[in-house]
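Novice: I'd like to ask you about the structure that follows.
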Amino acid sequence: MTDAEWETFRPLLPVPAWLRGRGGQPEAYCHRALLDAIRYLVDNGVKWRAMPGDFPPWDRVYAFFRRWRDHGLVKEFHDRLRGQVRETLGRDAAPTAGVIDSQSVRADAVVGTDSRGFDGGKLVNGHKRHVVVDTLGLLLGVMVTVAKTGDRTTAHMLLGQVTDVHNRLELVWADGGYTGSLVAYCLTKLALVLAIVNRSDDMRGFVVLPKRWIVERFFAHLMRTRRLVRDFERRTASAEAMVYWSMTCS
């Protein structure tokens with residue numbers, strides 16, 4: 001990262017416990033070097049063991065990644081960056097509207113059968129990324145499941161998690177896959193309006209649909225991150241962390 005990026009990142013980084021006087025072992029490597037290494041891996045799609053020699057040892061970088069994944073630090077770091085970006089663009093840090101959708105992605109052979117499934121609609125064997133983004137296309141929440149999991153099933157959990165964190169969220173746009181009892185559930189249980197944006201029957205070919213293009217652009221951004229073009233993560237928690245790391249690289 002550039003010096004300007006580091007000056008932006010540094011004050012937003014979660015503070016290690018040992019710096020707050022709560023014990024723990026000090027980091028052996030500079031956070032900037034560790035962040036650069038993870039950003040390199042996510043952006044270029046290399047294996048952990050193929051980390052270039054000018055970065056810290058791969059096992060130390062992976063230990064840092066794993067610690068931030070398991071303690072939710074990568075999400076905390078990402079959310080601070082998102083709030084700063086929104087305020088820079090003249091928006092409130094807390095969003096009031098969003099868009100939900102899912103993306104099925106093929107899993108590599110290293111992903112076990114216990115954490116992968118077949119999406120019959122997209123003919124994809126692997127994982128499914130369920131996301132909620134704000135109206136700027138910035139990530140509010142992500143949940144990775146086996147590809148056969150239904151959108152409405154996961155939306156019950158994902159929207160509940162998102163509204164717990166973003167309590168000003170009032171409106172979420174979705175496609176026709178989220179119709180049915182989910183609409184009433186969002187209104188009565190989450191105080192959230194789930195607006196369905198349908199494609200009309202007389203439309204032919206590719207048509208940009210209102211609001212839904214925002215989340216499609218988000219998925220297009222993920223596809224520019226080589227680590228996410230195919231799913232190599234054995235754990236869905238790692239797959240979710242990779243999505244957050246991808247968004248911090250933009």
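The values are calculated or read from the model by the stated rules, or taken from the named source; none is laboratory data. No experiment lies behind these values; they were computed from the predicted model shown. Don't worry about glycine lacking a Cβ; one is built from the backbone with ideal geometry, like all the others, and counts go over all protein chains shown. Side chains are part of the model used for accessible areas, which takes the heavy atoms of the whole protein and leaves out ligands, DNA and RNA. Shrake-Rupley method; radii C 1.70, N 1.55, O 1.52, S 1.80 Å.
Novice: Which of the residues belonging to region 117-154 are in a loop (DSSP other than H, G, I, E, B), in contact (Cβ under 8 Å) with a residue 40 or more places away in the chain and open to solvent by 30 Å² or more (accessible area, probe 1.4 Å)?
Specialist: Correct list: THR135, LEU136, LEU138.
Novice: Report, by residue number, each residue of region 237-250 that is part of a helix (DSSP H, G or I) and surrounded by fewer than 18 Cβ atoms within 10 Å (Cβ to Cβ).
Specialist: ALA237, SER238, CYS249
Novice: Return the residues of region 159-182 that are assigned to a helix (DSSP H, G or I) and open to solvent by less than 50 Å² (accessible area, probe 1.4 Å); say none if nothing qualifies.
Specialist: LEU159, GLY160, VAL162, THR163, GLY176, GLY177, TYR178, LEU182
Novice: Looking at region 212-236, which of its residues are acidic (Asp, Glu) and buried (at least 18 other Cβ atoms within 10 Å of the Cβ)?
Specialist: Those that are acidic (Asp, Glu) and buried (at least 18 other Cβ atoms within 10 Å of the Cβ): ASP231, GLU233.
Novice: For region 215-233: of the residues being in a loop (DSSP other than H, G, I, E, B) and in contact with a helix residue (DSSP H, G or I) (Cβ under 7 Å, 6 or more places away or on another chain), which is nearest to GLY98 (Cα to Cα)?
Specialist: MET223
Novice: Might you check whether a residue that is more than 30 Å from LEU35 (Cβ to Cβ) and at pLDDT below 95 occurs anywhere in region 230-240? Steps first, answer last, please.
Specialist: If we filter region 230-240 for residues that are more than 30 Å from LEU35 (Cβ to Cβ), which is where we start, we get none.
Checked against the condition, which is being more than 30 Å from LEU35 (Cβ to Cβ) and at pLDDT below 95, region 230-240 yields no hits at all.
Novice: Hey, among ALA107, ALA94, which residue is more than 16 Å from the chain's Cα centre (by Cα) and either open to solvent by 20 Å² or more (accessible area, probe 1.4 Å) or of a type outside the set (A, V, I, L, M) (or both)? Talk me through it step by step, then tell me what you get.
Specialist: Numbers: ALA107 fails: either open to solvent by 20 Å² or more (accessible area, probe 1.4 Å) or of a type outside the set (A, V, I, L, M) (or both).
When all the criteria are applied, what remains is ALA94.
Novice: Inspect all residues belonging to region 74-88 and state whether any of them is among the basic types (Lys, Arg) and not in a helix (DSSP H, G or I).
Specialist: Our first condition is that a residue be among the basic types (Lys, Arg); within region 74-88, this holds for 75, 80, 82, 86.
Checking which are not in a helix (DSSP H, G or I) leaves us with none.
Scanning region 74-88, I find no residue that is among the basic types (Lys, Arg) and not in a helix (DSSP H, G or I), so the answer is no.
Novice: Give all pairs with beta carbons closer than 9 Å in which a residue from region 90-103 that is over 22 Å from GLU240 (Cα atoms) and outside any strand (DSSP E or B) meets a residue that is open to solvent by less than 30 Å² (accessible area, probe 1.4 Å) and among the hydrophobic types (A, V, I, L, M, F, W, C); count only pairs at least 6 apart in sequence or on separate chains.
Specialist: THR96/LEU169
Condition check ((1) of a type in the set (Gly, Ala, Ser); (2) at pLDDT 95 or above; (3) within 24 Å of SER238 (Cα to Cα)) across all residues:
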{"site": "THR8", "(1), (2), (3)": "no, no, no"}
{"site": "PRO11", "(1), (2), (3)": "no, no, no"}
{"site": "VAL15", "(1), (2), (3)": "no, no, yes"}
{"site": "ARG20", "(1), (2), (3)": "no, no, no"}
{"site": "VAL42", "(1), (2), (3)": "no, yes, yes"}
{"site": "TRP68", "(1), (2), (3)": "no, no, yes"}
{"site": "VAL99", "(1), (2), (3)": "no, yes, yes"}
{"site": "ALA109", "(1), (2), (3)": "yes, no, yes"}
{"site": "ARG116", "(1), (2), (3)": "no, no, yes"}
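Novice: Quickly run through region 29-61 and pick out the residues that are aromatic (Phe, Trp, Tyr) and part of a helix (DSSP H, G or I).
Specialist: TYR40, TRP48, TRP58
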